[in-house]
1. From VAL433, VAL410, grab the single residue that is within 16 Å of the ligand (Cβ to nearest atom) and aliphatic (A, V, I, L, M).
2. Looking at this structure, is ARG395 within 16 Å of the ligand (Cβ to nearest atom) and basic (Lys, Arg)?
3. Please determine whether any residue of region 27-41 is within 11 Å of the ligand (Cβ to nearest atom), touching a Ser or Thr at 6+ places or on another chain (Cβ under 8 Å), of a type in the set (Ser, Thr, Tyr) and not in a strand (DSSP E or B).
4. Looking at region 1-26, which of its residues are assigned to a loop (DSSP other than H, G, I, E, B), of a type in the set (Gly, Ala, Ser) and more than 9 Å from the ligand (Cβ to nearest atom)?
5. Just to be sure I understand, how many residues within region 402-429 are surrounded by fewer than 18 Cβ atoms within 10 Å (Cβ to Cβ) and more than 20 Å from GLY377 (Cβ to Cβ)?
6. Give region 182-220 a look and list any residue that's assigned to a loop (DSSP other than H, G, I, E, B), at pLDDT 95 or above, in contact with a strand residue (DSSP E or B) (Cβ under 7 Å, 6 or more places away or on another chain) and of a type in the set (Ser, Thr, Tyr), or say none.
7. Which of (1) among the small types (Gly, Ala, Ser); (2) under 26 Å from PHE225 (Cβ atoms); (3) in contact with a strand residue (DSSP E or B) (Cβ under 7 Å, 6 or more places away or on another chain) is the odd one out, the single condition ALA365 does not satisfy?
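The values are calculated or read from the model by the stated rules, or taken from the named source; none is laboratory data. Keep in mind the model is a prediction, meaning the values are calculated, not measured. All Cβ positions, even for glycine, are placed from backbone atoms using ideal geometry, and neighbour counts span all protein chains on display.
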Amino acid sequence: MARPSVVIVGGGIAGLAAAWELTGAERGPDATTPRVELIEAAERVGGSLGTVDFADRLIDTGPDGFLARRPEATQLIDELGLTDQLEAVAASGASIWLRGQLEEIPPGLALGVPTSSATVRAVHGLSWRARLAARRDELVPRHLVVGDDASIGAIVRTKLGAEIAYRFVEPMVGGIQAGRIDELSARALFPSLLDAARANGSLMRALAARSPAPVRSTTAPAPLFASLRGGVGSLAPALAAALVTRGVVVRTATRVIALRATPRDEHPWAVDTNDTTTPAHALIIATPGAVAGDLLHPFHPDLGALRTITSAGAAMVTVCVERGALRLPERGTGVLIPLATAWTAHESMMVTALTFLDRKWPRLAREDTVVLRAHVGRSDDARWAEMDDAALVERVTHEMARVLPGFPPVREALVSRFPAGLPQYRVGHVDLVAAARAGAPRGVLLAGNAYDGVGIPASIGSGRRAARELVASLASRETKDR
Ligand SMILES: Cc1cc2nc3c(=O)[nH]c(=O)nc-3n(C[C@H](O)[C@H](O)[C@H](O)COP(=O)(O)OP(=O)(O)OC[C@H]3O[C@@H](n4cnc5c(N)ncnc54)[C@H](O)[C@@H]3O)c2cc1C
């Protein structure tokens, strides 16, 4: 059989990683490597990843780092020969804005959920009601019947009360996903919470028992987060350049508008853009889930259900200000702001979190100026989308000034917008994805952040896994054809 041809739809980090794996990963292509064409709708590859010159620094416009304790991103960086570019995060911890005060988030949390009433007592901005609810969970835990899945909010609210759920856990768990804990699936995002809830005793004690004990080691622990010296966004063009030298056809500014099954055995698929059709043996669909659902719904109703994996939009406002009188919390990489924190009598604050970029990444530190980033937007808060850049910067910097004493006038500002950045894993997500994968026609694989994890490592892992499965299925097809 001639070399099979594979089309990858979507050139975010998942699609690029899939192409890397299809072309032999670290060992490189050989005579059996498929011909690969990657089609990306935007002007450039990378999806949410990107970098830009800002305030005399090269900064990330999207994600600025990745979880380094998962192997997928560091492994890919290693395979690309970029290990010497890795930069470990230089600070840890964060503060939370509660009752008009900043306070450091104490240790003793499992992914944002307290694991003892002592942890709750250590948060001064939580009321006596929250403390009582936490103590009650240890002494007379509330009963909760949990099935296959439940929302993170339902579990935490029932067991620990509304205040801990919405003022404390939501800014951490919901903030990362830009979603609401009352909708987000514990099974998909926080399986140890579901497991702890099922134990049906004290949620906090069960979580503590499931949390890894702090490792005692004589060597320094591996950093939790890492980036690259050129920004984590530099990973995408580096990977694309390596793919091009391997013969991968990378097409940008080209949207796939339809996928067609053909009766031709040698090329069972046709991939349509506005002005081209590419025949293919197999496909990896690495677009957002809702786009995958649109393209694939004609082939199985469970693929059509992918359209319900909607994404929350988000925006980030990065500002450069003079160090001068600005007073940041002594430690930590930023500040979390609970949802529904009042801004005026009628409106809540828009900013959900602040990141001190140059504390995290020493390459961005300068003597006279500081770069800070504000995050806005959630699944149920798209106010940012109604504002132009100037209005958004003005509103966000006013909010920053309330939280950070001595906040000076802004020297430079940059707005990055992600209209469909963060997929929402709602209750039932795991079953929905399993059904879609089972319904996918032979030779069609799903990859990307809509399925098995939202972070960069998970997205890379999903692309590479899809590619490995595809290579295996192409090999078994060839054996049958002989
Ligand atoms: C604001 C923000 C901050 C984040 N911060 C972090 C962080 O700090 N750390 C971390 O690990 N993760 C972070 N993430 C998550 C992470 O960046 C993403 O989940 C990951 O990059 C997703 O990669 P992907 O390839 O699956 O999807 P995307 O990056 O969304 O790529 C999908 C691609 O498909 C293309 N496409 C869509 N439709 C079509 C079509 N019809 N034809 C062709 N192409 C199409 C799109 O243009 C896009 O380029 C953040 C995400 C956002 C939005």
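1. Values: VAL410 fails: within 16 Å of the ligand (Cβ to nearest atom).
From the options VAL433, VAL410, the qualifying one is VAL433.
2. Working: within 16 Å of the ligand (Cβ to nearest atom): no; basic (Lys, Arg): yes.
The answer is no for ARG395.
3. In the first step, residues of region 27-41 are kept if they are within 11 Å of the ligand (Cβ to nearest atom); the result is 38-41.
Right, trim to touching a Ser or Thr at 6+ places or on another chain (Cβ under 8 Å) and you get 39-41.
Next, from what is left, pick out any that are of a type in the set (Ser, Thr, Tyr): none.
No, region 27-41 has no match at all.
4. Within region 1-26, the subset assigned to a loop (DSSP other than H, G, I, E, B) is 1-4, 10-11, 23-24.
Retained after the next criterion (residues that are of a type in the set (Gly, Ala, Ser)): 2, 10-11, 24.
ALA2, GLY24, listed by residue number.
5. Number satisfying all stated conditions: 7.
6. none
7. (3)
A quick yes/no check of all residues on (1) aromatic (Phe, Trp, Tyr); (2) within 26 Å of ARG264 (Cβ to Cβ); (3) buried (at least 20 other Cβ atoms within 10 Å of the Cβ):
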{"residue": "HIS281", "(1), (2), (3)": "no, yes, yes"}
{"residue": "ILE285", "(1), (2), (3)": "no, yes, yes"}
{"residue": "PRO301", "(1), (2), (3)": "no, yes, no"}
{"residue": "ALA315", "(1), (2), (3)": "no, no, yes"}
{"residue": "LEU328", "(1), (2), (3)": "no, no, yes"}
